[in-house]
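Novice: The structure follows.
The values are calculated or read from the model by the stated rules, or taken from the named source; none is laboratory data. No experiment lies behind these values; they were computed from the predicted model shown. Cβ: placed from backbone, ideal geometry, glycine included. Neighbour counts: every protein chain shown. What goes into the accessible areas is simple: the full protein's heavy atoms, side chains included, and nothing from ligands, DNA or RNA. Shrake-Rupley method; radii C 1.70, N 1.55, O 1.52, S 1.80 Å.
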Amino acid sequence: MKLMDFTSLPIRKKSYGGANGNKISVVINDELYMLKLPSHAPKNPNLSYANSCVSEYLGSHIFNMLGVVAQETVLGIFNYNDRERISVACKDFEKNGYILKDFASVKNQIIDSNSNGYGTELLDILETIQKQQLVDQVELSNHFWNMFVIDALIGNWDRHNGNWGFLYNQETDDIKLAPIFDCGSCLFPQIDEDTIIKCLKDKTEMNARIYDFPTSAILLNGKRINYYKFIKSHEYEECDKAITRIKEKIDLDKINLLIDELDCISDNHKLFLKNIIKRRYEELLL
Ligand SMILES: Nc1ncnc2c1ncn2[C@@H]1O[C@H](COP(=O)(O)OP(=O)(O)OP(=O)(O)O)[C@@H](O)[C@H]1O
Ligand SMILES: [Mg+2]
């Protein structure tokens, strides 16, 4: 897959928030995109920049493959200060009068809730889903659990309440689910080549990345959820149902092809990603 060159694209004035990396707005084929530049890798001094853009691209594509609508993404390079960086263009979904309202802001509407919008305690999230009257409760509950299960598959550790939500139209007062966005923290964006090789050789290293981490941004009794233990506990019927829904859509060959087509990561990195997804699929979802 040939990388697109984003360097000379027309730039727009729209700005974007978020704590992980710089972002600008650009125009590709008359459409607005958020161009996400790679974030720093504070947890890994061996990497100058994380592979968060590759994670964003793969994560968004995997969601779309599994029938959960996600933002459209294109991978490319952006040249700044004589350095080429792998970047990802995310098609802007705020259009036709619709603006993003994250789940945190909807949680703030639940007046008798005693946790704030950004609180990610699971039971508070589920309570908000039951009490909100913006969209159908069953549709929202299914959406939440589908997202949780796919995040478990791709090892997303940052699905906080600001990283999913709704599209709201102030003129018509219409509201609907927003496409999935911000998958930049899935699939180990801060792993370096040495650690990749270690994981490919050493079962313990690989197993830790299946059974122990990453954990979810969602909390149970104040502690980040361990995806493996949580799923195996079968304590949440809606989670089990989502696994059944998602599992039958997973086609590992298709996901492997998506990874193999990437030009911007090493063969070992590809092997690592393919192994991680296969193992997480088998251990967590099967
Ligand atoms: N495809 C999109 N279209 C329109 N707006 C978007 C899109 N993707 C993200 N945004 C907006 O831009 C913000 C920043 O994007 P994103 O969440 O991807 O960045 P981040 O730096 O990784 O965030 P975080 O702080 O959660 O790590 C989002 O919170 C959202 O408001
Ligand atoms: Mg974000």
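Novice: Only one of Ser87, Ser115 is over 22 Å from the mean Cα position of the chain (by Cα) and either within 16 Å of Ile225 (Cβ to Cβ) or open to solvent by less than 50 Å² (accessible area, probe 1.4 Å) (or both). Can you tell me which?
Specialist: Checking each option against the conditions leaves just Ser115.
Residues checked against (1) touching an Asp or Glu at 6+ places or on another chain (Cβ under 8 Å); (2) more than 16 Å from ligand 1 (Cβ to nearest atom); (3) of a type in the set (D, E, K, R):
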residue: Gln133; (1), (2), (3): no, yes, no
residue: Asn146; (1), (2), (3): no, yes, no
residue: Ile150; (1), (2), (3): no, yes, no
residue: Asp158; (1), (2), (3): yes, no, yes
residue: Tyr168; (1), (2), (3): yes, no, no
residue: Asp182; (1), (2), (3): yes, no, yes
residue: Gln190; (1), (2), (3): no, no, no
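Novice: Next up: Looking at Arg209, Arg224, which is the one that is under 19 Å from the mean Cα position of the chain (by Cα), basic (Lys, Arg) and more than 16 Å from ligand 1 (Cβ to nearest atom)?
Specialist: Going through Arg209, Arg224 in turn, just one is under 19 Å from the mean Cα position of the chain (by Cα), basic (Lys, Arg) and more than 16 Å from ligand 1 (Cβ to nearest atom): Arg209.
Novice: List the pairs whose first member sits in the range 80-95 and is touching a residue at least 24 places away in the same chain (Cβ under 8 Å) and within 12 Å of ligand 1 (Cβ to nearest atom), whose second member is among the basic types (Lys, Arg) and open to solvent by less than 100 Å² (accessible area, probe 1.4 Å), and whose Cβ atoms are under 6 Å apart, counting only residues at least 6 apart or on separate chains?
Specialist: Val88/Lys36
Novice: May I pose another question? Quick one: what pairs do we get from the range 265-285, first residue hydrophobic (A, V, I, L, M, F, W, C), second open to solvent by 20 Å² or more (accessible area, probe 1.4 Å), C-beta under 6 Å, 6+ apart or different chains?
Specialist: Short answer, once both residue conditions are applied: Leu284/Tyr228; Leu285/Lys247.
Novice: Name the residue, out of Trp164, Trp157, that is over 24 Å from Ile28 (Cα atoms), within 16 Å of ligand 2 (Cβ to nearest atom) and in contact with a Pro (Cβ under 7 Å, 6 or more places away or on another chain).
Specialist: Being over 24 Å from Ile28 (Cα atoms), within 16 Å of ligand 2 (Cβ to nearest atom) and in contact with a Pro (Cβ under 7 Å, 6 or more places away or on another chain) holds for just one of Trp164, Trp157, which is Trp157.
Novice: Moving to a separate point now. Applying the selection to the range 1-57, what residues are outside any strand (DSSP E or B) and among the small types (Gly, Ala, Ser)?
Specialist: Result: Ser8, Ser15, Gly17, Gly18, Ala19, Gly21, Ser39, Ala41, Ser48, Ala50, Ser52, Ser55.
Novice: A follow-up question, please. Can you tell me which residues in the range 185-219 are touching a residue at least 24 places away in the same chain (Cβ under 8 Å) and either among the aliphatic types (A, V, I, L, M) or in contact with a strand residue (DSSP E or B) (Cβ under 7 Å, 6 or more places away or on another chain) (or both)?
Specialist: Leu187, Ile191, Ile196, Ile197, Leu200, Met206, Ile210, Thr215, Ser216, Ala217, Ile218, Leu219
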